[in-house]
Every structure is written in structure tokens, then in C-alpha cells.
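The structure appears below as C-alpha cells.
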Amino acid sequence: MNQQAISQQAISQQAIAQQTTSSDYRVHNFCAGPATLPTAVLQKAQQELLNWQNKGVSVMEISHRSDEFAQIAHNAQNNLKHLLNIGDDYQVLFLQGGASLQFSVVAMNLLHGVADYLQTGLWSKKAIDEAKRYQSLGRIHVVASGESYNYTTIPDSQTWQLSDHADYFYYCPNETVHGLYLPKPPQVTAPIVADMSSCLLSAPIDVNQFGVIYAGAQKNIGIAGLTIVIIHKQLLGHANAICPTTQNYTQQANCASMVNTPPTFAWYMTNLVLEWLIEQGGIDAIYAQNIAKAERLYRFIDGSDFYANHVDKRFRSLMNIPFRLADDRLNDLFVANASLQGLLNLQGHRSVGGMRASIYNALNQQAIDDLIEFMTTFERQNA
Ligand SMILES: *Cc1c(COP(=O)(O)O)cnc(C)c1O
């Protein structure tokens, strides 16, 4: 390197150092979860952290039973109802324990004879394994599995072995790890239970087609610690006796989700995200953006001989896009170079390998443009 190049490099390193230490430095974060949040939401939280609503305390330091917190709780529930058009025949619960606890909670609340499960990837498989702990309450029946296809497609619904009188039909519409998405709920007679942890609020849904929808907040709705449950009121009142009070949907419904202390800060953060989403124009507007983002990335991947996504095109996720490089030995270099460009957390889930770009609501178009530009350069340098 000549002298000029060296000094230029020094200047650009200095520029990067200055940039990264600035308090508002933000990268494009493709993490599957906990995931990127809208910058405006973080700024609002920062602004009112010490002195919330001129009370001289932070929102984390007030009673969950105070009028002030009740207002946040109420607003969050109403904003969610408004965004998803949830009717009064549904109960919205704001719980704890993450989506993974719901794997058990669903069975403890609803399983009495037999429950049907569709196995489409890592998350539905985990739900099945966990529900099987409750076989004393009823049978866990897997209607079909995509395992033999490495979860790149969903078995044809004609081949599903549905039970006659299932307590519920369980599935995961968006398999976060495998990047597999079933946009429309299946045609079944049993009440549908859906783990929407990585797709709730990303696309329009008709809540009336579901018995229970639940989601951990940290992908697309807020921060870790809060789990959203939307349940048809007819499904309340059937919990098994072994169900702990805090996990009993009916008791939580009767106590406005405050059987015990709820995750107040996570609840507050979710409300900020919901307000942000309403400002963006709601679900239809964000959905249009999500489609545009995903289509651009898939088109680029499909147009390249160097990158590949193996998911059946009918079932490709809008939120989580796994892809492989032509040579797995380049994976580490890809991730390292991407980080240097401010493109973070692109490594795939350890069970699948390769890469994965999680492109939730809060990730903007610019992030997709920058990722594609980086991928183009990387391919040119390494193909
Ligand atoms: C992340 C994820 C989970 C697990 O969520 P936790 O809150 O960590 O328990 C479950 N299901 C799906 C579809 C997910 O994406």
C-alpha cells in the first residue's frame, strides 16, 4: 500500500470509529430475534426514560395497578385491537414466559381429548414435543410433517390425517428458522391455534378464523418479556386443573392480564411500536412494504448462481429469508464482511446453517438495498 492509500485508510477508520461511537449510530440489524426496533420508538423511550409524563419517575418504577399504567395497558390493547380489527368476542392477553411457554399453556388450557398438530419446521416441532408432556390430558396427534422435505415445503393438505373431534388444530404460520410461510389458515373444523411469533402484524389476517393466536413480542411487536395472546372467548373456561393460575387464560382474562406483576416496560415498549405502526398507515401499508422488500431480495437471490433459497415458492416467508452461498466455506467471510458494512446478524440458525436475513416491519427498504449491493460485490469478489 502506498503512503496515500495508507493515510486514506487511516482516515476512513477514524471516520468509522467516530461514527460508531456516536450515540445515534445504527446499523441494519437482520437479527431473527430479539430483533430491530423502529429508531423513532427507541428515541421516544430514551426521551421519556427518566421522567415519564412529568411524573419524575420512569415507567419501570410505577405500580402496575396505578392509573398511569392502566392507561398504557388500555392503550396497547386498544391499539392492537384497532390494527388487527379484533372484535369483542375475543380477549387480548398480555402475558409472560415467551412463545415457548405457550407450547405448554395451550395444552394445559385446551387439551381434553385429542389435539391435531401440523409439523412444518423447528418451532412447530418444539411445540409438539412440549405438548406431549401433557398426554395425561389428551393425545397429541401430528397430522402431517414436512421433515422428510427438510421443511422446504408444506405437505399437501389432502394428505393430512385430521382427527374427527380435535380440541384444536395447531400450526405455526411462519417458521422463523426455515423461512416457511403459510399465509392462509388451513381449512379445518377444529378451533385453530397459531404461533404467530414472527409474523403477527406483518400482514393482514382475519382474526375470526382463529381460536387462539399468540406471539412473543421480540420479533415484530416489541421487546422480549411480553407474550401476546388473542383468544376467542368461547375457548375460555376450559382449563385443566393442573394449569397454574398465572397461565390460566380465563383467570388472566378476569384480571386484565394482571394475575401478578406483568412485564410493564415490555408492555410500554409494545405500545410505542403499535403507535408507530398506526403512524405508518397500519397493517395494509406495512404489508405492502414487506412484500416489496421480500420480493426484491428473493428476485436477487433467484437471479444469482451464487446464492440460493430452497423454499417452495408458494410458501416463502416475507419475514425470514434463509439463503446459502455456493460454497459454505465462504460463510464466515460473508458474515464478517457484512458486519463491516453495517449489515448485522446474517448468519443462519445453527440447525439449518447458511445465512438468514430477518426483515421485520422495522427494517426499511434501504437495508434491503444495502444488503443486495453488498451481496453483489461479495459475489463478484468470491464467485
Ligand atoms: C422465536 C420464536 C419462538 C420462541 O419464542 P420465545 O419467546 O423465545 O419463547 C416460538 N415460535 C416462533 C415461531 C418463533 O419465531
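What follows draws every value from the coordinates through simple rules; no lab data is involved. This one's a predicted model, so the numbers in the text were calculated from it and none came from an experiment. With ideal geometry, Cβ positions are generated from the backbone for all residues, glycine too; neighbour counts draw on all protein chains shown.
Taking label positions 7 Å along the Cα-Cβ direction at both Asn337 and Arg65, the computed distance is 6.0 nm, reported to one decimal. Note: the chain, Cα convex hull, 145 Å³ per residue.
Lysine pair count for the chain with Cα-Cα distance under 25 Å and sequence separation of 8 or more or different chains is 19. The trypsin sites (Lys or Arg not before Pro) of region 278-380 meeting both criteria, a DSSP state outside H, G, I, E and B (loop) and at most 11 other C-beta atoms within 10 angstrom of the site's C-beta, are Arg350. Arranged from fewest to most other beta-carbon atoms within 10 Å of their beta carbon, Ser66, Ser104, Ser22 become Ser22, Ser66, Ser104. Taking the DSSP bridge list for the chain and keeping only pairs wholly inside it, about 55 percent are antiparallel. Stretching Val114 away from Thr189 to a fully extended chain increases their span by 25.6 nm, per 0.36 nm per residue minus the current alpha-carbon distance.
From its DSSP helices (H runs of at least four residues, each -39,500 (n - 2.57)), the chain gives a residue-normalised ellipticity at 222 nm of -12000 deg cm²/dmol.
Fewest-first ordering of Tyr149, Tyr307, Tyr287, Tyr268 by other beta carbons within 10 Å of each residue's beta carbon gives Tyr149, Tyr287, Tyr307, Tyr268. Output the 0 to 90 degree angle, nearest 10, between the alpha-carbon long axis of helix 331-340 and the longest principal axis computed from the alpha carbons of the chain. Between helix and principal axis, roughly 80 degrees. Mean sequence separation of contacting Cα pairs (under 8 Å, at least six apart), scaled by the length of region 36-163, corresponds to a relative contact order of 16 percent. Label sites at Gln280 and Ile242, each approximated as a point 7 angstrom past Cα along Cα to Cβ, lie 4.0 nm apart.
Stretched out straight at 0.36 nm per residue, the stretch from Gln381 to Asn54 would grow longer than its current Cα-Cα span by 112.2 nm. Approximating the spin labels as points 7 Å out from Cα along Cα→Cβ, the Tyr25-to-Asp129 distance works out to 3.9 nm.
Please find the FRET efficiency linking Ala224 to Ala288, where r is the Cβ-Cβ separation and R0 is fixed at 35 Å, and quote it to the nearest 0.05. Once rounded, the FRET efficiency stands at 0.80.
Database remark: amide H of Ala357 closer than 5 angstrom to the amide H of Ile321, Phe323 (H placed geometrically; neighbours at sequence offset of 5 or more, or on other chains; Pro and chain starts carry no H). When the Cα positions of Ala217, Val188, Ala253 are compared along the charge dipole of region 182-321, Val188 comes out farthest toward the positive end, with charges on each C-beta of Lys, Arg, Asp and Glu. Springs between Cα atoms under 10 Å define the GNM used for the chain, and in it the highest mean-square fluctuation of Ile242, Ile359, Ile283 occurs at Ile242. Going from the residue with the fewest nearby Cβ atoms within 10 Å to the one with the most, Leu180, Leu325 rank Leu325, Leu180. With K and R counted +1 and D and E -1, the other residues having a Cβ less than 15 Å from that of Ala285 yield a net charge of -2.
Note: relative contact order over the chain, using C-alpha pairs below 8 Å and six or more positions apart, is 21 percent.
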